[in-house]
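Q: I have a structure I would like to understand better, so I am pasting it below and will then ask my questions one at a time.
Values quoted throughout were computed directly from the atomic coordinates according to the rules given, and no laboratory measurement underlies them. Source: prediction; values computed, not measured. Glycine gets a Cβ as well: all are built from the backbone with ideal geometry, and neighbour counts include every protein chain shown.
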Amino acid sequence: MSEHLFNWLAKRREMNVFKMIQDHFRLSTDCVEEIVNAIKKMIAGDRSASNQHILRLNSKEKEADILRGSILNELSKAEFSPSQREDLVHLVKRVDMVADYARAAGRCLILLSLDRYPEKVKEVALLMAEKSVENANTLKMALQNLTVNLDEVIKYCDRVERLEEDVDEIHATARGIIKDLPSTTMNTGEFIVLSEFFNDLEMINDSCEDSVDILRLIVVKLK
């Protein structure tokens, strides 16, 4: 742990805030994982199980929201410098967007009939969601290394940015697939919801990238 960071987290309240932030990261990642689980069950034709995963996603997103409020309250009491407090507030809010967009994707998914769509739609949906989980987990690892190795934080931040670029490419493929689908594949409303579903998945990854931008700033200040 760097000397600056050790001093930063030396007091009990400050360390408690950091542990709360780690828990918040974990919950946000769990939300994205539930999307993958829901997609897999829906593709398999088990809508009931898929809906259960979405319900768990909603529950975890609400839990993340409550924890975010608690973190912001604790940050107002902890003895961080104004700059440190501002960085952590922005970080928590950005990570919370990961959970928010996962929930938004879940709301779209529950309105779709992914099991009866063409295989290429199922494949690109699952691929994009799995990449999103990988990205969220990479973001979580970046935070965990903040108290261990700042150089590793930067490596994980770089990985998040590369994954975000991968997801951009997958999203472009998804848009092309949707554009070329026959009008008989689904009704107009489903086309709109499916497009929004892919947009929400992309925003999960954009939020991960926004979060590592703040982590990079924190690392620079700690070195």
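Q: Calculated from the structure, mean projected area of the Cα convex hull in nm² equals which of [x] 15.2; [y] 16.6; [z] 11.7?
A: Calculated mean projected area of the Cα convex hull in nm²: the matching label is [z].
Q: I've got another one for you. Please sort 134-144, 82-92 by packing, taking for each peptide the average over its residues of neighbouring beta carbons within 10 angstrom, highest first.
A: On the way: 134-144: 22.4, 82-92: 16.5.
The densest-packed peptide leads the list: 134-144, 82-92.
Q: Got the relative contact order for the stretch 3-222 handy, in percent, Cα pairs under 8 Å and 6 or more residues apart? Please list the in-between numbers first.
A: Values: 275 pairs, mean separation 60.3, N = 220.
Computed value for the stretch 3-222: 27 percent relative contact order.
Q: Going by how many other beta carbons lie within 10 Å of each one, how would you line up Ser207, Ser48, Ser195, fewest first? Can you show the working numbers first?
A: On the way: Ser207 25, Ser48 7, Ser195 15.
In order of increasing Cβ crowding within 10 Å: Ser48, Ser195, Ser207.
Q: Counting other beta carbons within 10 Å of each Cβ, put Cys31, Cys208 in order, fewest first. It would help to have the intermediate numbers written out before the result.
A: On the way: Cys31 28, Cys208 32.
Fewest-to-most ranking of Cys31, Cys208: Cys31, Cys208.
Q: Another question, if that's okay. Set the bar at 22 Å for Cα to Cα. Now go through Lys41/Lys120; Lys41/Lys179; Lys155/Lys223; Lys131/Lys221; Lys19/Lys41 and name every pair that lies beyond it. It would help to have the intermediate numbers written out before the result.
A: Details: Lys41/Lys120 17 Å; Lys41/Lys179 25 Å; Lys155/Lys223 15 Å; Lys131/Lys221 30 Å; Lys19/Lys41 33 Å.
Listed pairs above 22 Å: Lys41/Lys179; Lys131/Lys221; Lys19/Lys41.
Q: So for Arg159, Arg103, fewest C-beta neighbours within 10 Å to most, what's the order? It would help to have the intermediate numbers written out before the result.
A: Numbers: Arg159 17, Arg103 21.
Ranking Arg159, Arg103 by Cβ neighbours within 10 Å, fewest first, gives Arg159, Arg103.
Q: Now for a different question. Determine, for each peptide in 160-169, 68-77, 52-61, the mean count of other beta carbons within 10 angstrom over its residues, then list the peptides with the highest first.
A: On the way: 160-169: 17.4, 68-77: 15.2, 52-61: 19.1.
Packing proxy ranking, top to bottom: 52-61, 160-169, 68-77.
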